[in-house]
Amino acid sequence: MQRGPYNTISTTDIRFFDSLLGPNRLITDPDECESYNIDFPSTVRGASRCVLKPKSTEEVSAILKYCNTRRLAVVPQSGNTGLVGGSNPVFDEIVISMKSMNKILDTNELAGVLTCEAGCVLENLENHLTTVGLMMPLDLGAKGSCLIGGCVSTNAGGLRLLRYGNLHGNILGVEAVKANGDVVDALNTLKKNNTGYHLKHLFIGSEGTLGIVTKVVIQCPPLPKAVHLAFLGLASFDKVLKTYHLAKRELGEILSSCEMMDRLSIDVSINNLDMKNPLTSYENGHEFYMLIETSGSHLAHDEEKLSSFVEKAMNNDIIEDGTLTNETAKINNIWGLRERISEGVLRDGYVFKYDISLPFTSFYKVVEVLRDRLRDPRIIRISGYGHLGDGNIHVQVSIPEYYVDVAAQLEPFIFEYVSQCQGSISAEHGIGFKKTKYLHMSKTSSEIAMMYDLKKLMDPNGILNPYKVLMPVTTELQS
Amino acid sequence: MEDYKFLFKVVLVGNAGVGKTCLVRRFTQGLFPPGQGATIGVDFMIKTVEVENEKVKLQIWDTAGQERFRSITQSYYRSAHALILVYDISCQPTFDCLPDWLREIEEYASNKVLRILVGNKIDREDREIPTHVGEDFAQRHGMYFLETSAKEAENVERLFMEIAAELMEVSENILFKSILLLW
């Protein structure tokens, strides 16, 4: 990959940023820049020597206006929890860290509408909403560090998508800054506003390539009064599907999560992280596990539904054993088994992660196909877990360290396989830097052509998050 | 579908720490886990046994003894075929609570449910409830009675096997009666 036609940052540029932000919100020390250059699983590393931390929309606007004129490439960064290298510089792009824009601006309890700045940490928003009986429509394993602006820009999915849908539905409005510094105020707070073009969607999921999200308006559902969790052990994937089918029918309106994990995935939490498996009736554990959560407004009603569902599942021979609870500490422990897989697997060494959507018929087959294909003694684990209810599986292949030949056996094979099965090569993690060359496997050529048109319109100099989502269009640098 | 002729739901209740989970684990896995933590919510599992050459599948529900960890609806009582009410023979308060448990059973369970009173921990030397006291209580309330030790594997297998056999007989009688009625 070649560095694009951008200018290199000069001392004059640094002086400008210093006068704009002051020395505390401008980082040029190489050691301090390091954590912004590397992604959280340490799979990509950029070489930025300048990190900016704006505190207001006006500052973001001033930065972009300056960079656009100067042809300086920038990369917006939120919590840096992405898995496709979308928020790290590839070369020396200036990092615009949104961390300091972390104010909650308005909470409308009756309408369930929250307005806040892009740099608010997801978990902080969740805690704030709890006090007024509301909740965030999304929840992720990375909630303690990811920022809402990043979630919106990547259209993050997560554990509640099954119930509340994705962010295209839950984000009512955004404020974003375009590449030239113009501020687009699309801070709609209405549930229904069918007027003109729905511009907010341009900034949801475009991974900072069309503009930088600075404020968001979120539709927040009421906090459920009753949450129940069933954790189940199963013998085969076929039975996992049957259980899902039964859960949809029996639990319908209160079902809020339906997750699956295979044996090797749960082993990560149990062996790598020393967590306890709450199911003990099978000495060697189970081939598959499911986590089924219900959220509703009536404790007794929900409990009764869930236990009758479990009884049916046992009578039909589709589950082997399980546990049922509404006790918060136990619920959190069980969720931990699922949520910490992604962190725990890093202890294996190097991890190839694939976040894919597949039709149910081939949902787990992808793991079996990989196990068949990669019979290499260096491989520690090939396993799958994920949001079954959303048709989204996370496949992880771990080895002690990165081997080029293992990578070559995996890619592009897995993407081709997914594409053949009519799946998506990125269900919720985006395209970022790591998947740009595979975009065509999940997008048609007409879609990609229109994406280029939009990119050219919104960011003619290509300064916004270059090398991400779309392959760069090489244009000569105009002096 | 697995091959079995009978399917019964067996629910264990009783005070915290009387050994419900240990009885279940002894029966289903043949082990005695030392330092078993309190059950939170309810755990459920399946064990298939053979009675008179017939496969009987037991669906076992192991419930929390501690008030704050118990479910609020007790919905698991409703479809139970057998209820095992457990106390600890070395702990008088667990025996004193039996009438409370019976009231709950009356309220939530079917009146046809098979009820078994179990005095657990007979391996202990500090017995507080003599066998005949337990027996009397069971008789007065129309319950089967058995003393067990999950630790020493005493009467545990027998407990579940007798339940399976009894339930099988009851359901065959019902079957027989209904055939007679059809005639």
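The values are calculated or read from the model by the stated rules, or taken from the named source; none is laboratory data. Note that this is a predicted model, so its numbers are computed, not measured. As a convention, Cβ positions derive from the backbone with ideal geometry for all residues, glycine included, and neighbour counts pool all protein chains shown. Side chains included, ligands, DNA and RNA excluded: accessible areas come from the protein's heavy atoms. Shrake-Rupley method; radii C 1.70, N 1.55, O 1.52, S 1.80 Å.
Details
- Heavy-atom accessible surface of the stretch B:6-182, averaged per residue, reaches 47 Å², computed with a 1.4 Å probe.
- Once the Cβ-Cβ distance of residue B:54 and residue B:31 is raised to the sixth power relative to R0 = 30 Å, the FRET efficiency obtained is 0.65.
- Pairwise Cα separations in chain A fall into 20 Å bins from 0 onward with the following percentages, short to long: 23, 55, 21, 1.
- Heavy-atom surface of the stretch A:226-341, accessible at 1.4 Å and reported per residue (Å²): 35 Å²
- Of the residues in the stretch B:28-55, those shielded by at least 50 Å² of accessible area once partner protein chains are present, compared with the chain alone at a 1.4 Å probe, are B:29, B:40, B:44, B:46.
- When the other protein chains are added to the chain by itself, burial of at least 50 square angstrom of heavy-atom accessible area (probe 1.4 Å, ligands and nucleic acids ignored) affects these residues of the stretch A:267-301: A:280, A:281.
- The portion of the accessible surface of the stretch A:104-219 made up by carbon and sulfur, rounded to a whole percent, is 50 (1.4 Å probe; DNA, RNA and ligands excluded).
- A Förster radius of 51 Å combined with the Cβ-Cβ distance from residue A:12 to residue A:132 puts the calculated FRET efficiency at roughly 0.60.
- Close amide-amide hydrogen proximity is noted between residue A:93 and A:47, each under 5 Å apart and 5 or more residues distant or on a separate chain (H modeled in the peptide plane; Pro and chain starts excluded).
- The apolar share of the surface of the stretch A:349-441, taken as the fraction of accessible area on carbon and sulfur atoms (1.4 Å probe, ligands and nucleic acids excluded), comes to 52 percent.
- About the centre of its Cα atoms, the stretch A:26-86 shows a dipole size close to 320 debye [charges on the beta carbon of Lys, Arg (+1) and Asp, Glu (-1) only; nearest 20 debye].
- Note on residue B:123: accessible area approximately 50 square angstrom, rounded to 10, probe 1.4 Å, nucleic acids and ligands left out.
- Residues whose amide H comes within less than 5 Å of that of residue B:7, counting only those at least five positions distant or on another chain, are B:57 (H built at 1.01 Å from N in the peptide plane).
- With a Förster radius of 45 Å applied to the beta-carbon distance between residue A:110 and residue A:58, the computed FRET efficiency rounds to 0.90.
- Neighbourhood charge, 12 Å Cβ-Cβ cut-off, centred on residue A:415 and excluding it, Lys, Arg +1 and Asp, Glu -1: 0
- Long-range amide H partners of residue B:147 with built H, under 5 Å: B:119
- Accessible area buried between chains A and B, both sides summed, probe 1.4 Å, in Å² to nearest 100: 2200 Å²
- Accessible area per residue, Å², the stretch A:29-142 with all protein chains present, probe 1.4 Å: 37 Å²
- Shown for chain B: the carbon plus sulfur share of the solvent-accessible area, taken with all protein chains present and a 1.4 angstrom probe, equals 50%.
- Approximating the spin labels as points 7 Å out from Cα along Cα→Cβ, the residue A:103-to-residue A:2 distance works out to 4.5 nm.
- Solvent-accessible area of residue A:424, all protein chains in place: 30 Å² (probe radius 1.4 Å, heavy atoms, ligands and nucleic acids excluded).
- Axis angle, to the nearest 10 degrees, between helix A:57-70 and the longest C-alpha principal axis of chain A: 60 degrees.
- Net charge over other residues, Cβ less than 14 angstrom from the Cβ of residue A:397 (K, R count +1; D, E count -1): -3
- Relative to the longest principal axis of the Cα atoms of chain A, helix A:237-251 runs at roughly 90 degrees.
- Summed side-chain charge close to residue B:163 - residues other than residue B:163 whose Cβ falls under 12 Å, Lys, Arg +1, Asp, Glu -1: 0
- Phi-based couplings in Hz for the stretch B:81-88 (Karplus 6.51, -1.76, 1.60; Gly and Pro marked x): 8, 9, 10, 9, 9, 10, 10, 9
- From phi via Karplus (6.51, -1.76, 1.60), per-residue ³J(HN,Hα) for the stretch B:119-125 in Hz, x at Gly/Pro: x, 9, 6, 6, 6, 7, 8
- For the stretch A:330-369 versus the stretch A:440-474, the gap between their alpha-carbon centres in whole angstrom: 30 Å
- Cα-centre dipole for chain A with unit charges at Cβ (Lys and Arg positive, Asp and Glu negative), debye to 20: 980 debye
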